[in-house]
1. Among A164, A112, which is the only one that is within 22 Å of A244 (Cα to Cα) and among the small types (G, A, S)?
2. Would you pick out the residues in the stretch 208-256 that are farther than 12 Å from V160 by Cβ, at pLDDT 95 or above and in contact with a Lys or Arg (Cβ under 9 Å, 6 or more places away or on another chain)?
3. Restricting to the stretch 39-60, give me the number of residues that are farther than 30 Å from L249 by Cβ and in contact with a Phe, Trp or Tyr (Cβ under 9 Å, 6 or more places away or on another chain).
4. Of everything in the stretch 1-29, what is among the aliphatic types (A, V, I, L, M), surrounded by 23 or more Cβ atoms within 10 Å (Cβ to Cβ) and more than 19 Å from Y100 (Cβ to Cβ)? Give them in sequence order.
5. For D49, which of the numbered conditions (1) in contact (Cβ under 8 Å) with a residue 60 or more places away in the chain; (2) over 16 Å from L149 (Cα atoms); (3) in a loop (DSSP other than H, G, I, E, B) fails to hold?
6. Taking the stretch 52-70, which residues are part of a loop (DSSP other than H, G, I, E, B) and either buried (at least 18 other Cβ atoms within 10 Å of the Cβ) or not charged (D, E, K, R) (or both)?
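The values are calculated or read from the model by the stated rules, or taken from the named source; none is laboratory data. Not measured: the values here are computed from a predicted model. Reconstructed Cβ throughout: ideal geometry from the backbone, glycine too, with neighbour counts over all protein chains shown.
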Amino acid sequence: MRKTVVISGGTDGMGRATALERIARGDRVIVIGSNPGKAVEGAQFLQADLSSVKEVVRVAGEITGPIDALALFANRTQAKRVETPEGLEYTFALYYLSRYLLGELLLPQLEASPQPVIINVAGVGTKAGRVHWDDMQLERKYGVITAQLQAGRANDLLGVSFAALGRRTRYVHYHPGFTRSGSDNPVIKLLAKFFAREVAESVRPVVSWISTPPSAPLTANDRGKDVPLSLKTLSPHDAARLDARTKDLAALADLY
């Protein structure tokens, strides 16, 4: 059956590979990305800067009809702290907040599908890092690794709070491991040459979950192995706390 698949960060690496795999199966694929020059042939391309709340809201409004799968890949590292137009720390905004918003804004269209699924590709199973509750925008503690780990742990909690609301849409957390994703970072490119998995191998589970979503409301998978939902990084208490804090952000005041 032909599906409609929305992919954020779908112009490079795993996002692009997933788009191509689903196009080959005859799906309607919508790719959200920042660079039109990297548009995927056979997919509908929507240009947006997903670090901007206004841009996320705009692009979500351009997607029509039921959605079978939302695959979330968008992420980009920043060596120095960068603020978005709404005054948010860039990594938090792109890696976590855009995923939160796309899931909420597109939820009615997902729920209209027979077997809807959201696949959040991040670092579930990783225990390093934490949400800095007293400095979530990292004004005092910024570091590229600190920012990436905080957003990764925030994504872990995002799936927990999403599934707790009893929605029909299944939520999948997926950690692909170190993958040859096409990063421009010279250190990452060197490490990838020797240690990273091939993109085709890493996206195989994503492509499969789009075809057949899991039956459980929340699934966590780290490189092919299920992750126990009892992990501290998947704490329902912390998930509810983050959900409340996210809704309280000044940049989201007009959305909720």
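1. Answer to the selection: A164.
2. Those that are farther than 12 Å from V160 by Cβ, at pLDDT 95 or above and in contact with a Lys or Arg (Cβ under 9 Å, 6 or more places away or on another chain): W209, I210, S211, P213, P214, S215, A216.
3. Residues meeting the conditions: 1.
4. Result: V5, M14, A17, A19, V29.
5. (1)
6. Listed by number, the residues that qualify are S52, I63, T64, G65, P66, I67, D68.
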